[in-house]
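Undergrad: Quick one: this structure, given as structure tokens, is what I'll be asking you about.
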Amino acid sequence: MPMQAFQEAAVLAEKGNVFEDFEIGRVFDHHWGRTLRHSECALFATVNLHFNPLYFNVEYARALGHPDTPANPQLVFCAVFGMSVQDLSERGGAFLGVDDLSYHEPVYPGDTLTARSTVVGLRESGSNPTLGIASWKTEGFNQHGRCVISFTRTNMVQRRTTQ
């Protein structure tokens, strides 16, 4: 298909949700998940200058009781957080922070992570009627269904309508 025909056939689709799409207790099972590989675990620790041997020295990790080098917790957080973006904050709006971040179990290369978020807070913005403020509790699970991470995050979210 020639480029011009392709561009003419392309339809701009709305992505993400707006404030009015959320309600307290609504659960989002995020997309298909992500398997972490040895290579990306080592690369993440290296590019972030996190030179704790626990994350790249198998013998050191085993001496501490691990079967392998665990994934850097920041990588686990980024992977799980990233899975939630499409459903929760893809439309944009200021990121207001993370609270109650807890790591429940180590994650190892080869583990597949999935994520689920629940709407836990909604309020209108006091300064901008085109935005609302939403909070979600996000949990990340390994392939065995065990929760490995949980946190609450808050974002400003576009509104569909203004009041």
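Undergrad: Identify all residues within the range 76-92 that are open to solvent by 30 Å² or more (accessible area, probe 1.4 Å) and assigned to a helix (DSSP H, G or I); write none if there are none.
TA: Within the range 76-92, Phe77, Cys78, Phe81, Gly82, Val85, Gln86, Asp87 meet the criteria.
Undergrad: For residues that are without any contact (Cβ under 8 Å) to a residue 12 or more places away in the chain and outside any helix (DSSP H, G or I), scanning just the range 33-51, find the one that is farthest from Thr69 (Cα to Cα).
TA: Looking at residues that are without any contact (Cβ under 8 Å) to a residue 12 or more places away in the chain and outside any helix (DSSP H, G or I), I get Leu49.
Undergrad: For residues that are closer than 19 Å to Thr114 by Cα and open to solvent by 20 Å² or more (accessible area, probe 1.4 Å), tally how many sit in the range 130-163.
TA: We begin by selecting, within the range 130-163, every residue closer than 19 Å to Thr114 by Cα; these are 136-153.
If we keep only those that are open to solvent by 20 Å² or more (accessible area, probe 1.4 Å) as well, we get 137, 139, 141, 143-147, 152.
Adding up the residues that qualify gives 9.
Undergrad: Looking only at the range 98-119, decide whether some residue is farther than 23 Å from Ala45 by Cβ, in contact with a strand residue (DSSP E or B) (Cβ under 8 Å, 6 or more places away or on another chain), open to solvent by less than 30 Å² (accessible area, probe 1.4 Å) and without any contact (Cβ under 8 Å) to a residue 40 or more places away in the chain.
TA: The answer is no; no qualifying residue exists.
The values are calculated or read from the model by the stated rules, or taken from the named source; none is laboratory data. Just so it is clear, the structure is predicted and the values come from calculations on it, not from any experiment. Note that each Cβ is placed from the backbone with ideal geometry, even for glycine, and that neighbours are counted across all protein chains shown. Accessible surface areas use protein heavy atoms only, side chains included; no ligands, DNA or RNA. Shrake-Rupley method; radii C 1.70, N 1.55, O 1.52, S 1.80 Å.
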